[in-house]
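The values are calculated or read from the model by the stated rules, or taken from the named source; none is laboratory data. All of these numbers come straight from a predicted model, not from anything done at the bench. Quick reminder, even Gly has a Cβ in these numbers, built from the backbone with ideal geometry, and neighbours come from all protein chains shown. Keep in mind that these areas ignore ligands, DNA and RNA; they rest on the heavy atoms of the full protein, side chains included. Shrake-Rupley method; radii C 1.70, N 1.55, O 1.52, S 1.80 Å.
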Amino acid sequence: VLGFISVITDINELKKTTEELKVSERQLKQLLKQKDDFIGIASHELKTPVTSIKAYGQLVQANLERAGDHKNANLLARLNGQVDRLISLINQLLDLTRVQEGKLQLHTEDTDINELLHERIEEIQPTTSSYFVLHPEPLPLIKVDRERIGQVITNLLSNAIKYSSPDTLITIGSATQANGIRVSVKDQGEGIAEQDQQKVFERFFRTTDGHTHLAPGMGLGLYISAQIIHRHGGHFTLESKKGEGSVFSFFLPFENTGSSIA
Ligand code: ADP
């Protein structure tokens, strides 16, 4: 009888706990939604003033250069560089909101991926002492969102710079496979421990070892990149060894048969 009573009490306890849990689960969902809404609204509101700061900054820099005031023009150039960084952080937050609301739109067009790789390397090269070597294989045109795939490439190049020593070699390759295209970015940087290799594609995840804390970032770039590649029906692969470097590669199918991620 005592055993029976104790089971009854346990069940009642369990019910009570489940009830409490239900409430807190609802509250938790509400809080998460509030947090997501806040990120969306704040980044949207920040975008307009920061974009106009950038426009004025560029104007003043051009005026100073024209007037021969190189010292102040240089200062303005630095300020504009920081504004660019701010804009890219805001854009990442806006993309995060788009991904979460299923509103990341793709505008696909026939694209020469080798040309895109070349463009993005040229764009980033002046900002770093690291050097890039591109080993392109001839590729057919592929229907993708050029801007978004360019964003993924720039993210991989910029990570390869950020998480490696200066003056390092970064090797980029492209290849055709049976039903699609593969692009890889190989660095000789700090590498990623095995237990973190899946996590780097999660939002806000940054490794805690190495020099990550010294490099700027919010842990969103790879999450957004992976979502962009998934939306194209493709996937990411990561091979890495702590202390030896990483190879990030993504596969894009010729035919996008749809992805499981909205
Ligand atoms: P962020 O660079 O802004 O932190 P990412 O989503 O691009 O965000 O990367 C997530 C984390 O993965 C980084 O913080 C870093 O710890 C790790 N990581 C990304 N790329 C590399 C790389 N090439 N080498 C070593 N670690 C990397």
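What number goes with the only condition from (1) within 15 Å of the ligand (Cβ to nearest atom); (2) open to solvent by less than 20 Å² (accessible area, probe 1.4 Å) that Val144 does not pass?
Condition not satisfied by Val144: (1).
At pLDDT below 95, surrounded by 13 or more Cβ atoms within 10 Å (Cβ to Cβ) and in a helix (DSSP H, G or I): which single residue out of Ile39, Ile11 fits that description?
Ile39
Confirm whether Leu75 is of a type in the set (A, V, I, L, M, F, W, C), at pLDDT 95 or above and either open to solvent by less than 60 Å² (accessible area, probe 1.4 Å) or farther than 24 Å from Leu220 by Cβ (or both).
Yes; evaluated as a whole, the condition is true for this residue.
Between a first residue in the stretch 121-140 that is closer than 18 Å to Arg78 by Cα and a second residue that is surrounded by 11 or more Cβ atoms within 10 Å (Cβ to Cβ) and not hydrophobic (A, V, I, L, M, F, W, C), which pairs have beta carbons less than 7 Å apart while being 6 or more apart in sequence or on different chains?
That search, which allows pairs on different chains as well, returns Ile124/Thr154; Ile124/Ser158.
So which residues in the stretch 42-72 are surrounded by fewer than 14 Cβ atoms within 10 Å (Cβ to Cβ) and in contact with a Ser or Thr (Cβ under 9 Å, 6 or more places away or on another chain), if there are any at all?
Across the stretch 42-72, the qualifying residue is only His44.
Please list, ordered by first then second residue, the pairs with beta carbon atoms under 6 Å, 6 or more apart or interchain, first in the stretch 78-93 and over 13 Å from Pro216 (Cα atoms), second β-branched (Val, Ile, Thr).
Between residues of the stretch 78-93 that are over 13 Å from Pro216 (Cα atoms) and residues that are β-branched (Val, Ile, Thr), the close pairs are Val83/Ile53; Ile87/Val50; Leu93/Ile39.
Take Ser174 and tell me if it is open to solvent by 50 Å² or more (accessible area, probe 1.4 Å) and either among the hydroxyl-bearing types (Ser, Thr, Tyr) or at pLDDT 95 or above (or both). Don't jump to the end; show me each part of the working.
Working: open to solvent by 50 Å² or more (accessible area, probe 1.4 Å): no; either among the hydroxyl-bearing types (Ser, Thr, Tyr) or at pLDDT 95 or above (or both): yes.
Spelling it out, it is not the case that Ser174 is open to solvent by 50 Å² or more (accessible area, probe 1.4 Å) and either among the hydroxyl-bearing types (Ser, Thr, Tyr) or at pLDDT 95 or above (or both).
For the stretch 204-242, give me each residue that is touching a residue at least 40 places away in the same chain (Cβ under 8 Å), over 24 Å from Ser174 (Cα atoms) and more than 8 Å from the ligand (Cβ to nearest atom).
Within the stretch 204-242, the subset touching a residue at least 40 places away in the same chain (Cβ under 8 Å) is 210-212, 215-218, 220-225, 227-229, 231-232, 234, 238, 240-242.
Keeping just the survivors that are over 24 Å from Ser174 (Cα atoms) gives 210-212, 215-218, 220, 242.
The answer is His211, Lys242.
Which of the residues that make up the stretch 177-192 are away from the ligand (no atom under 11 Å from the Cβ) and either open to solvent by 60 Å² or more (accessible area, probe 1.4 Å) or not hydrophobic (A, V, I, L, M, F, W, C) (or both)?
Let us first name the residues in the stretch 177-192 that are away from the ligand (no atom under 11 Å from the Cβ), namely 177-184.
Matches in the stretch 177-192: Gln177, Ala178, Asn179, Gly180, Arg182, Ser184.
Go over the candidates Leu104, Leu86, Leu116, Leu156 one by one and state the one that is open to solvent by less than 90 Å² (accessible area, probe 1.4 Å), under 19 Å from Ala175 (Cβ atoms) and touching a helix residue (DSSP H, G or I) at 6+ places or on another chain (Cβ under 6 Å).
Just one listed residue meets the conditions, Leu116.
Just one of the numbered conditions (1) free of Cβ contacts under 8 Å to residues at least 12 places away in the same chain; (2) in contact with a strand residue (DSSP E or B) (Cβ under 9 Å, 6 or more places away or on another chain); (3) charged (D, E, K, R) is not true of Lys199; which one?
(2)
Do we find that Pro126 is part of a loop (DSSP other than H, G, I, E, B), more than 14 Å from the ligand (Cβ to nearest atom) and not hydrophobic (A, V, I, L, M, F, W, C) in this structure?
On the way: part of a loop (DSSP other than H, G, I, E, B): no; more than 14 Å from the ligand (Cβ to nearest atom): yes; not hydrophobic (A, V, I, L, M, F, W, C): yes.
No: the conditions fail for Pro126.
Phe248 - would you say it is within 11 Å of the ligand (Cβ to nearest atom) and either among the aliphatic types (A, V, I, L, M) or not in a strand (DSSP E or B) (or both)?
Details: within 11 Å of the ligand (Cβ to nearest atom): yes; either among the aliphatic types (A, V, I, L, M) or not in a strand (DSSP E or B) (or both): no.
So Phe248 fails the test.
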